[in-house]
Each structure stands twice: as C-alpha cells, then as structure tokens.
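The values are calculated or read from the model by the stated rules, or taken from the named source; none is laboratory data. Everything numeric in this text was worked out from a predicted model, so none of it was measured. Reconstructed Cβ throughout: ideal geometry from the backbone, glycine too, with neighbour counts over all protein chains shown. The area values use the complete protein model at the heavy-atom level, side chains included, leaving out ligands, DNA and RNA. Shrake-Rupley method; radii C 1.70, N 1.55, O 1.52, S 1.80 Å.
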Amino acid sequence: CALVIFYLSKKLKTKHIMWICSASYVFCVLCSTYGNLIYRIGLGEQYETLLFYFAHPYTSIITGLLYFAIGKYFAEHELEASAKDPKKYFLLSAITMVGVMLEYTVAQRMGWVNSTDCCFMLIPNVYCLMTFALSSSIRLKHVKEIRASGVIVFFAHFSVLYAFQMMDKYLGLHIDTLTRYLLILLISFSFAHFVLRMEDRKHWRWMHYLH
C-alpha cells in the first residue's frame with residue numbers, strides 16, 4: 001500500500017489520491033458488509049463477475065489504500081490537526097466507534113453481511129482518532145508495551161475470529177456481532193498480556209518473536 005501511495009503522490013495531489021482510494025474502499029465495503037445486499041437488489045451476476053477478477057477485495061491491498069492515504073494527509077497537515085480541540089475529537093471518536101458497531105449490527109440483523117472486514121463508519125472513526133491523537137497532549141507510559149500489544153492483538157484476532165466461525169459452523173454456537181466483537185477484543189488483549197508477561201521468563205523468551 002505504501003508503495004502505491006508513494007507512486008500516486010508523484011503523479012497526483014493528495015486530495016485526488018483520497019478520491020481514488022475512497023472509490024476503491026467503497027467497492028470493498030459493498031463486497032464486504034453489504035455483499036449479500038447486492039444479491040437482493042438483483043446485481044448478483046455482476047457481483048460474481050467482479051469477484052472472479054478480484055477474489056476477496058475486502059482483504060486485499062485495495063482496502064488498505066485509503067488508510068495509507070489518510071496517513072499521508074495527516075503527515076501533511078500535522079500542525080493543523082494538532083491545533084484542534086482534543087476533547088471534541090475524543091467525543092467524536094467515541095461516537096463514531098459506536099457508529100461502527102451499529103453499522104455492523106444493523107447490517108448483520110438485516111442479512112446484508114458477506115464479511116465484516118470493513119465498513120463505512122470505520123473511516124470517520126479513523127479520522128477522529130488520528131485527530132485526537134495529534135491534538136492531545138497526553139504522554140503515555142509503557143509505549144513499548146503498548147506497541148507490542150497492538151501488534152499481537154492485530155494478528156491474534158484473526159485466529160480468535162476463525163475459532164468463533166468454526167464454533168458457529170460446527171457447534172451451532174451463534175453469537176451476535178456486538179458480543180463476538182467484545183469477546184474477540186477481550187481474548188486478544190488477554191493473550192497479548194500473557195505474552196508480554198511470559199516473554200521475560202527463561203523458557204519463554206521465544207515469545208518476543210510474536211511482536
């Protein structure tokens with residue numbers, strides 16, 4: 001993704017890159033959170049044709065392009081973002097996070113969801129979180145541990161999600177989207193905490209390779 005954005009930045013302005021990446025992200029969301037809705041409105045054949053060429057676009061490089069473009073935007077507007085009200089963007093971050101969960105929950109209950117890899121509300125949530133982070137004067141302790149936890153949680157949550165999918169498929173253990181989301185966070189963070197506590201012990205030092 002970084003290489004694609006770097007190449008585009010040689011040819012286009014950041015705002016044009018944002019528009020191009022936004023279009024690709026919308027396509028990914030329609031294939032993901034609203035994938036089943038496409039069949040209901042009679043566009044299933046066209047959708048199948050796209051999937052033939054793109055396989056699973058919502059887990060491909062084109063999903064990440066917009067996030068890298070947003071990162072480029074903030075790199076160019078860091079001073080502007082740092083001057084904004086952190087309290088306002090903390091509140092907006094919380095509101096948009098609720099919006100993410102509501103979007104997934106509604107789409108799930110309506111039977112629209114093909115996959116839960118990306119949704120529309122993630123973008124304003126990312127924007128608000130980045131603005132809050134840049135405008136806040138908070139100084140965090142244990143930055144190294146926080147970074148390591150982030151890496152572990154990111155990679156661990158795929159396995160936890162897969163485990164829930166297998167339980168749903170073979171054991172009929174259906175858990176609603178919001179509860180599953182919270183359980184995945186809890187299990188992933190617990191695993192990260194376990195790794196960070198154990199990796200300094202004599203026979204467990206290999207665990208530092210997990211991050």
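Assorted remarks:
- Summarising the label geometry, the points placed 7 Å from Cα in the beta-carbon direction at His203 and Lys144 lie 2.6 nm from one another.
- Pairwise FRET efficiency - Ala2 versus Phe120, Cβ, R0 = 25 Å, nearest 0.05: 0.60
- In the chain, the DSSP-assigned H stretches of four residues or longer account for a calculated mean residue ellipticity at 222 nm of -24000 deg cm²/dmol, using -39500 (n - 2.57) per stretch and the full residue count as denominator.
- Protein-only accessible surface at a 1.4 angstrom probe places the residues Ile187, Ile38 in the order Ile187, Ile38, largest first.
- A value for Rg and Dmax of the Cα atoms in Å was derived from the coordinates, and within the list [x] 37.2, 132; [y] 20.9, 65; [z] 19.4, 60 it appears as [z].
- Which of Val113, Val143 is most accessible, then next, and so on - probe 1.4 Å: Val143, Val113
- Ordered from highest to lowest accessible area with the whole protein assembly present and a 1.4 Å probe, Trp112, Trp206, Trp19 read as Trp19, Trp206, Trp112.
- Kyte-Doolittle at least 0.0, axis length at least 18 Å by Cα - qualifying DSSP helices, the chain: 14-31, 61-76, 86-109, 122-135, 143-171, 177-198
- Average Cα contact separation per residue, the chain, under 8 Å, 6 or more apart, as relative contact order %: 22
- Annotation for Val26 and Ser136: the two label points, set 7 Å from Cα along the Cα-Cβ direction, are 3.2 nm apart.
- Percent RCO, i.e. relative contact order, over region 122-208, from Cα pairs under 8 Å lying at least 6 residues apart: 28
- Rolling a 1.4 Å probe across all protein chains gives Ser137 an accessible area of roughly 100 Å².
- Arg147 accessible area, 1.4 Å probe, all protein chains in place, Å² to nearest 10: 120
- Reachable aspartates and glutamates, given that their alpha-carbon falls under 19 Å from the alpha-carbon of Lys13 and they are not under 8 places away in the same chain: Glu76, Glu78, Glu80
- In the assembled protein chains, Asp200 presents an accessible area of approximately 120 Å² (probe radius 1.4 Å).
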